[in-house]
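Trainee: Okay, here's the structure, questions in a sec.
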Amino acid sequence: MPGKSLDHEIVIPAVEWMSALKPLLDGGHELKLRPVGSSMVPFLVGGRDEVFLRSPKMKKPVRGDIALFSRDDGLFVLHRIHHVRKDGYYMLGDAQTWIEGPVREGSIQAIATAVIRKNKKVSCGEPGLRFLTGVWLLLRPVRPLIFRLYGGLRRIFPR
């Protein structure tokens, strides 16, 4: 498989590994992935937490689900489904203040079934997590204020 060398590591583009893994996902297997970045904060911390992914053929994506989708430029992104439009297109976003989309159903490659946060596995269908997710989605308009307050408190009360 072709790839680029980066500091003695072979980096395989996501479009290549996803095409190899898609048949496994579609066959009912789960994929464990460690996300990077901060777009899923506070629910997932990049580089620390992990998600278990399953094909969207196993469960139709709905509001609040964490979805792995491919952008038109080939980049794979993990975001939460904010809402599904009446025309069937998905609008996604979590920590950011804007919503990404529209995303067509065929671009959604996988849906999270569980997450590992701080070494504890939690089902994405767990009622408490679904409730918190719903509240978080409703708070989107005031998230910038929440993040500023949180940042200020962290400076006042460092760990």
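Trainee: How many residues does the stretch 62-98 hold that are of a type outside the set (Ser, Thr, Tyr), outside any loop (DSSP other than H, G, I, E, B) and over 22 Å from Val122 (Cα atoms)? Break it down into steps so the answer makes sense when it comes.
Mentor: Of the residues in the stretch 62-98, the ones of a type outside the set (Ser, Thr, Tyr) are 62-69, 71-88, 91-96, 98.
Okay, now just the ones that are also outside any loop (DSSP other than H, G, I, E, B), so 66-69, 76-84, 91-92.
Applying the additional criterion that residues be over 22 Å from Val122 (Cα atoms) yields 76, 83-84, 91.
Summing the residues that are of a type outside the set (Ser, Thr, Tyr), outside any loop (DSSP other than H, G, I, E, B) and over 22 Å from Val122 (Cα atoms) in the stretch 62-98 gives 4.
Trainee: Considering every residue within the stretch 89-103, establish whether at least one is of a type in the set (D, E, K, R), modelled with pLDDT under 95 and more than 27 Å from Trp17 (Cβ to Cβ).
Mentor: Applying the first criterion (of a type in the set (D, E, K, R)) to the stretch 89-103 yields 94, 100.
Imposing the further condition that a residue be modelled with pLDDT under 95 reduces the set to 94, 100.
Right, trim to more than 27 Å from Trp17 (Cβ to Cβ) and you get none.
Checking the stretch 89-103: not a single residue is of a type in the set (D, E, K, R), modelled with pLDDT under 95 and more than 27 Å from Trp17 (Cβ to Cβ).
Trainee: Report the residue count in the stretch 44-81 for those that are under 19 Å from His29 (Cα atoms), touching a residue at least 40 places away in the same chain (Cβ under 8 Å) and of a type in the set (Lys, Arg).
Mentor: 2
Trainee: Run down Phe76, Phe157, Phe131 and say which single residue is under 20 Å from Val36 (Cα atoms) and of a type in the set (Phe, Trp, Tyr). Can you show your working first?
Mentor: Details: Phe157 fails: under 20 Å from Val36 (Cα atoms); Phe131 fails: under 20 Å from Val36 (Cα atoms).
Residue meeting the stated conditions: Phe76.
Trainee: Please give the number of the condition Ala114 fails out of (1) surrounded by 13 or more Cβ atoms within 10 Å (Cβ to Cβ); (2) modelled with pLDDT under 90; (3) over 27 Å from Leu145 (Cβ atoms); (4) among the small types (Gly, Ala, Ser).
Mentor: Among (1) surrounded by 13 or more Cβ atoms within 10 Å (Cβ to Cβ); (2) modelled with pLDDT under 90; (3) over 27 Å from Leu145 (Cβ atoms); (4) among the small types (Gly, Ala, Ser), the lone unmet condition for Ala114 is (2).
Trainee: Let me ask you something else. So which of Gly134, Gly101 is of a type outside the set (Phe, Trp, Tyr), surrounded by 11 or more Cβ atoms within 10 Å (Cβ to Cβ), part of a helix (DSSP H, G or I) and in contact (Cβ under 8 Å) with a residue 12 or more places away in the chain?
Mentor: Gly134
Trainee: With the requirement that a residue be surrounded by 13 or more Cβ atoms within 10 Å (Cβ to Cβ) and free of Cβ contacts under 8 Å to residues at least 40 places away in the same chain, what does the stretch 30-43 give you? Before you say what the answer is, go through the steps one by one.
Mentor: Of all residues in the stretch 30-43, those surrounded by 13 or more Cβ atoms within 10 Å (Cβ to Cβ) come to 30-31, 33, 35, 37-43.
Of everything in the stretch 30-43, just one residue is surrounded by 13 or more Cβ atoms within 10 Å (Cβ to Cβ) and free of Cβ contacts under 8 Å to residues at least 40 places away in the same chain, namely Gly37.
Trainee: Across the stretch 45-60, what is the total count of residues that are modelled with pLDDT of 90 or more, in a loop (DSSP other than H, G, I, E, B) and surrounded by 14 or more Cβ atoms within 10 Å (Cβ to Cβ)?
Mentor: 3
The values are calculated or read from the model by the stated rules, or taken from the named source; none is laboratory data. This one's a predicted model, so the numbers in the text were calculated from it and none came from an experiment. Every residue, glycine among them, receives a Cβ derived from its backbone with ideal geometry; neighbour counts consider all protein chains shown.
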